Every structure is written in C-alpha cells, then in structure tokens.
Amino acid sequence: MADIEKKVEPTGVYLSSSESAEKVGSIETSTPTRPQRSWATRVGLNFESFTKHEDSDTGTVELERTMKPRHLNMIAIGGSIGAGFFVGSGSALQTGGPGSVLIGFMIMGIMMFNVVYALGELAIMFPVSGGFYTYSNRFIDPSWGFAMGWNYTLQWVFVLPLELTVCGTVIQYWAPDTSVAIWVSVFLGAIIIINLFGTLGYAEEEFWASTIKLLATIIFMIVAVILVCGGGPSNGQYSHYWGDRLWHDPGPFQNGFRGFCGVFVTAAFSFSGTELVGLAAAESENPTKALPSAIKQVFWRISLFYIVGLLLVGLLVSSTDPRLLNAGNHDPSASPFVIAIANAGLKGYDSFMNVIILVSVLSIGVSSVYGGSRTLVAMAQQGYAPKIFTYIDKSGRPLPAVASVILIGCLGYLSVGGNGNTVFGWLLSLAGLAALFTWGSICLCHIRFRKAWKHQGHTLDEIPFRAIFGVAGSWIGLILNIVVLIAQFYTAITNTDGSLATVEGFFQSYLAAPVVILFYIMGYVWKRKSWVSIKDIDVDSGRREHDWEAIRANREALAAAPAWKRLLAAAF
C-alpha cells in the first residue's frame, strides 16, 4: 500500500483552503501561509476585497473553499432545475408528445447518471476548479481540451441570456403591457449582486433556491396526482376522473420518429448544470467527504423530479395545446406546469408556479456566471484564454471573468422586440448541444483514466470513490451521447413533415457542433499537440491526498454491515 500513502505533490492548478490539508499515513501536507483578512474582505463587502490577490500572478487558481456538504447536496439534487424543466419541457411536449418526452428524458437520465458518477471519481482524485476541460487536456488530447474549455464556457455564457429571456416571458403573465427590458434588467441586477459575494453567495443562493424548487415540484406532483384522479375544483377541467385520456387522444407520440428525436436537445438543456457539482467540489472544504453523498442524490432527482414530474405533466396537458412554447405564439403561460394548473381552475396557484419558475431562472442565471467564469479562469491560467482572466481579487472572485459572462448576458435584451421564443430556440440549441460534448468528454476521460491507472500498476482499491458501474457505465454514457448527437443531426436536416430543413434551420439546431470543431482546429494549430497515448497519461500530478486509514476503516465497516445498511449507503 506504499503507493497509496506516498506523498503526491500537487502541480499545475493549486486551490487554496482555509482548512488544514488531509493527512496521509503519518505525512501531512501544508498550505502556504495566507495573511489574515477581515470578514468583510473575505465575503467581498469592502473596497479592499476588490484589490488584487497576492498570488493572482503566480499562475495558480486561488478560489476559496467555502462550500459545505449541504451546499453540494442541494446543488446536486436541485441545482439544474430551471427553464429547461419548467418551460422548455413544453417545447419537447409539443414536438414529440408525452411518450417521447418520457422515453427521451429517461434515456438522458441514464446517460447523466453514469456521467456524474464518472465525474465524481475524477473530481475526488483531481479536484480542480474549472476542471472539466483540464481532464480532457490531460486524458484525451490537449487540442480537444482547448475545444472543451471554450465549449463549456460558451455553454454557460449562452445559458444566461436564455434564462433572462424566460424571465421576460414569465413576467408578461402578470404584466403584459410592461417592457421586457425592465425585467431583464432587474434579474440581471440581482445576479450581479449575488455574484459580488463570490463562491459563498453562489453556494447559499443555490442552497435556498434548490430547496424552494424541490418543495414546489413535490407540491406540484401531489396536486397533479389529485387532478389526474379527478379531484380538481368543479369549475376546472379535472373535476372528474382524467386518467390517461391524452395518451389516447391526441396520443403519446407526435411527428413520428423525427418528433421523438427532437425531444433530446430540450432534455439535454434540462439536465445542463448537473455536472456543476463536480466543478463546485473543488471549492468545498472536503470534497472526499462531501462529493460522494452529493453524487448519489442525482439518481433521486432524475427519477423523482424529472421522470415522475414530466409523466404527470404529460397526463394533464395536451401536446396540441396552443399555449405551449413552439406552438406558434408568444403566450407567456408557455410552461406546461402553469398550463396544467390554469386548466384545473386553481386560482392563484398558476402565479405561484410562475414565481417558482422565476426563482429557477435566477438560480440557473447565477450558476451560469459561476460555471462560465471558473472555467474561463482555469483556461487563462493554462494559457488557453487571455491573461486578464487570471485576475482574482482578495475575496476569491475572478472579477474580469465574471464581468465578461454578465456582459454577454445582455443578449437577453434581444427578446425585447417580442421575439422571445425565437431567441429562446437559438440559445437552447446552442446550450443543449454544447452540454452533450461536455458529458461525452467526461465519460471518455474516465475510460482513459482507468486504462492509464491500470497500465501504471495501480489497483481499484487505490481509488477512494469509484463510479458505481465502473468503465462500463462510462461506455454507456459515451455511446448514448453519440446516439443523441446523431438523433439531433437528423432533426437538424429534416422538418417535421419529412422534408429537408433550410440552412437556417440546420444551424439553429446544430450550431454547437461546427463551433466545437472550429475550436479543436484552433487548439491544434496553436498548440500542435494531439492524442495522448495511455502510457504518457500522468495520473499522479495534482492527485489529492486522502486519509486512507479512515477510508479503509469505512470500507471494512460497510462490508461487515447488514445488507439493508449497505443498500442505504449505496443509495444515499
């Protein structure tokens, strides 16, 4: 076990911590001594906090580890529930019908389950802030790493104006005569204020916003079951047994195979942000302890909230309802969740659901700034982005990177002219398709990491947290990613009637793919580096040290525990 307990010096990306380093056997690592700062400076509430961090020019990431296990757990279980789930699902319902939505989201759920477990294994071994692209750079190909870094940055950069577009659409439910620009400005201002508090602001906002979203979704599901059984008000549509009539007329599927394939990009966008738990782990106090529990929550979110929630929506809302997004109008009640409640005649509840959607918009907006800026910082420190983005202030905020993402968020004002649905469609396609490349790369990184790990004489016992289905799970995730990309290509070149799509239609559906290819070519021309062979993959640099005594003791205790306790540990 000497290999397990040897001291591994971190290189490349350094993450500061207010906590003492973990012990490995009898060896301790030490963190550099940092000057003590006031509370106001640490949370970004005074002028000094905006001044340059003393290590900002050293080429290392100095982001504070202030996230706690409760933050990671809520980011994992509720962090990505936003416009894709509450509003975009209406587009999927109209495109493919309730059957396509259910099957499509289940396929994406299986894929995401394996992606997040693969990411958890890598993030605990190599907890790097902004680390998705660095895994591609290290385990696949530096040129592909360059492409994935910019792909992930742009994914979040375009999510912000998308969420702001949704904000304007939802607000018009109450105030149809007010300018969308006012509400875009209000929400953009709120996102800026939250980001002034850095990582702590993001973590706390996500904790409470996720709590609200989860509670609201659970309440909706309880109400939806009652409505399906005919327990709605007498003045509503569901005052008698409703059941599965919409699965018979207009039916579970719309627009044939093409409609089924069209669901995937919406599903991909709905799941975007699930991987943020791995990004956030690098800024938690103890990723080894907090991340496994957070990863396991993803299964419950996929199965309970996405699958059950959308099944109930498909029972209550017709896929031919003219109010759904993409149905040819700009009705602000575009969310199928709001439509279901409005049909039920539950006065005030539709407004409540719209408030929850606005909370989700704010939550995902803050997440987009967090995810985009952290990746941009890490790229700049590796020489893959302008050096100005390496600037970190004394409270750990990457100010130029944050400001750049927020500035591009002003694209949300494009919806002011009343073309919010069009803007939503373009941005959703960009963000959703970009996420597929990110997830596929994570699976491939895990596969190649395991091969290199074995090639260099290591065993699985030396991995503190292992993906539940191992390499097989990553192969499933990678193959499903490729299948979904092919399905989306098919929808990009065809219309719902089977005719060939226009050039504009193709790029609206598949623009992210040529963008990734362009970045890959740029990365190769610039760096002149290609595929990394298994024997050349470095599995030691930057590897986090672990308390193996505690890990082995925990494994032994779990192995000796009753079956029900082992099952509970696997699930939670």
Given pairs Lys68/Lys213; Lys68/Lys451; Lys394/Lys527; Lys68/Lys565; Lys296/Lys347; Lys394/Lys535 and cut-off 29 Å on Cα-Cα distance, the over-length ones are Lys68/Lys451; Lys394/Lys527; Lys296/Lys347; Lys394/Lys535
Could you give the length gained on full extension between Arg70 and Ser541, defined as 0.36 nm per residue of separation minus the Cα-Cα distance, in nm? 166.6 nm
Read phi for every residue in region 201-211 and hand back ³J(HN,Hα) as whole Hz from Karplus 6.51 cos²θ - 1.76 cosθ + 1.60, θ = phi - 60°, with x for Gly and Pro. x, 4, 4, 5, 4, 5, 4, 6, 5, 5, 4
For region 82-191: rounded, prolate or oblate by the Cα gyration tensor [a/c cutoff 1.5]: oblate
What percent of all Cα-Cα pairs in region 331-412 falls into each 10 Å bin, going from 0 up to the bin containing the maximum distance? 17, 33, 20, 16, 13, 2
Determine ³J(HN,Hα), in whole Hz, for all residues of region 89-94 in sequence, where each value follows from phi through the Karplus function 6.51 cos²θ - 1.76 cosθ + 1.60 and θ = phi - 60°; x replaces Gly and Pro. 4, x, 5, 5, 5, 5
Enumerate the amide H contacts of Thr494 below 5 Å, restricted to partners 5 or more residues apart or on another chain; note that Pro and chain-start residues carry no placed amide H. Ala501
Leaving ligands, DNA and RNA out of it, report the carbon-plus-sulfur percent of the accessible area of region 105-264 at a 1.4 Å probe. 73 percent
What figure in square angstrom, to the nearest 10, would you give for the accessible area of Ile486 with a 1.4 Å probe? 110 Å²
With N residues in region 148-187, what two-decimal value do you get for its Cα radius of gyration over 2.2 N^0.38 Å? 1.45
Counting only protein heavy atoms and using a 1.4 Å probe, what share of the accessible area of region 425-572 belongs to carbon plus sulfur, as a whole percent? 67 percent
Probe 1.4 Å - accessible area at Tyr490, Å² to nearest ten: 80 Å²
Measuring with a 1.4 Å probe in the full set of protein chains, what accessible area per residue, in whole Å², belongs to region 88-222? 25 Å²
If amide H atoms are modeled at 1.01 Å from N in the peptide plane, then the residues at a separation of 5 or more from Asp393, or on another chain, having amide H under 5 Å from its own are His53, Leu399
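The values are calculated or read from the model by the stated rules, or taken from the named source; none is laboratory data. Since the model is a prediction, treat every value here as computed from it, not as a measurement. The accessibility values were calculated without ligands, DNA or RNA, using every heavy atom of the protein model including side chains. Shrake-Rupley method; radii C 1.70, N 1.55, O 1.52, S 1.80 Å.
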